[in-house]
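Right, one structure below, let's go through it.
The values are calculated or read from the model by the stated rules, or taken from the named source; none is laboratory data. Note that the structure is a prediction, hence the values are computed from the model and not measured. Using ideal geometry, Cβ is built from the backbone for each residue, glycine included, and neighbour counts are taken over all protein chains shown. Quick note on the areas: whole protein, heavy atoms, side chains included, nothing else; ligands and nucleic acids left out. Shrake-Rupley method; radii C 1.70, N 1.55, O 1.52, S 1.80 Å.
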Amino acid sequence: MPIPEDVTGDEIDKDVRQELQSLPKTLAEDVAKNLVMVARLIDEDPEGAYGYSKVALRLASRVAAVREAGGFAAYANQKYGEALAEFRAARRMTGTVELWPVMADCERGLGRPEKALDMAGAPEVHKLDKAGQVEMRLVAAGARRDMGQLDAAIVTLQSPELASNSVQPWTARLRYAYADALLAVGREGEAREWFAKAVEADRDGSTDASDRLAELDGVEFVDALDERESEGEGAGDGESVQASEEDGGKDGGQD
């Protein structure tokens, strides 16, 4: 697959670069460039990221960072069986537990929420850092919902991290998950409160909490392009055009 000229391979994390030192220099550079492309595309173009990950895997499947990148690229494309295999391989190579939560989420994706819950109670969880433990809690709550245990999902998310006023990288997602779980059992007032708290913590737009909050408040957003097209279609009808303009003014005020 083509590599853009601005990609040198030096953009990768220093720990990954160190792993690649076990490879011949030219090969290491090629692998690094493909890993950079995986990282660059995984959010906006997961299929493209997956393609670059497969190239990296063909070149250096014995490098843990490559297996991990392949796992995340497969995961982003909902290829959960493949992702789980790559994560397991990376874990065998490194001996770390960092991938434990995403491995459990792969089990959910494969329709095995019971297995995910088993992993949530495993000794490995105690070895995770705080972020990893919160992630594991989110996965466990999702597994409970998969099994129809909605109240248990709510209880699973109730934790010191949820109650804390401190904003951490995981805070918005944790509050969002709690709000969504509350909404699922009809506790709309509490859900609105927690969606609002998620909005306060969501500094990088990692959730759609603001949209969910607006939806609960009855705010309707109108796509400006669709609105202009509607006006054009009604150009022969003065009343229709006037109505569209009036509606557009109201929506614009809400935005």
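Observations on the structure shown:
- Taking residues in region 120-132 that are without any contact (Cβ under 8 Å) to a residue 60 or more places away in the chain, and partners anywhere that are in a loop (DSSP other than H, G, I, E, B), the pairs with Cβ atoms closer than 7 Å and at least 6 places apart or on different chains are GLU124/VAL97; LYS127/VAL97; LEU128/VAL97; ALA131/PRO169; ALA131/TRP170; GLY132/GLU98.
- Condition met for ALA153 (open to solvent by less than 70 Å² (accessible area, probe 1.4 Å), out of contact with any Ser or Thr (no Cβ under 6 Å at 6 or more places or on another chain) and either free of Cβ contacts under 8 Å to residues at least 12 places away in the same chain or not acidic (Asp, Glu) (or both)): yes
- Beta carbons closer than 9 Å, at least 6 apart along the sequence or on distinct chains, pair a first residue in region 168-193 that is within 21 Å of GLY218 (Cβ to Cβ) with a second that is open to solvent by 60 Å² or more (accessible area, probe 1.4 Å) and not in a helix (DSSP H, G or I) for TYR176/SER206; TYR176/ASP208; ARG192/ASP217.
- Here the condition is being among the hydrophobic types (A, V, I, L, M, F, W, C) and over 25 Å from the mean Cα position of the chain (by Cα); of LEU41, LEU84, LEU27, it holds for LEU27 alone.
- Single match in SER210, SER230, SER206 (criterion: at pLDDT 90 or above and of a type in the set (Ser, Thr, Tyr)): SER210
- Taking region 71-98 as the range and being buried (at least 23 other Cβ atoms within 10 Å of the Cβ) and of a type in the set (D, E, K, R) as the test, only GLU86 passes.
- When GLU68, GLU19 are checked against the criterion of being surrounded by 15 or more Cβ atoms within 10 Å (Cβ to Cβ), of a type in the set (Asp, Glu), touching an Asp or Glu at 6+ places or on another chain (Cβ under 9 Å) and closer than 15 Å to ALA90 by Cα, a single residue qualifies: GLU68.
- The residue that is nearest to ALA196 (Cα to Cα), counting only those in region 159-174 that are under 21 Å from the mean Cα position of the chain (by Cα), open to solvent by 40 Å² or more (accessible area, probe 1.4 Å) and of a type outside the set (A, V, I, L, M, F, W, C), is ARG173.
- Count of residues meeting criterion [under 18 Å from the mean Cα position of the chain (by Cα) and open to solvent by 20 Å² or more (accessible area, probe 1.4 Å)] in region 179-188: 1
- The set of residues in region 48-64 that are among the β-branched types (Val, Ile, Thr) and over 21 Å from GLY95 (Cβ atoms) contains only VAL55.
- In region 192-222, the residue that is most open to solvent (accessible area, probe 1.4 Å) out of those that are farther than 16 Å from VAL167 by Cβ, assigned to a helix (DSSP H, G or I) and among the hydrophobic types (A, V, I, L, M, F, W, C) is LEU216.
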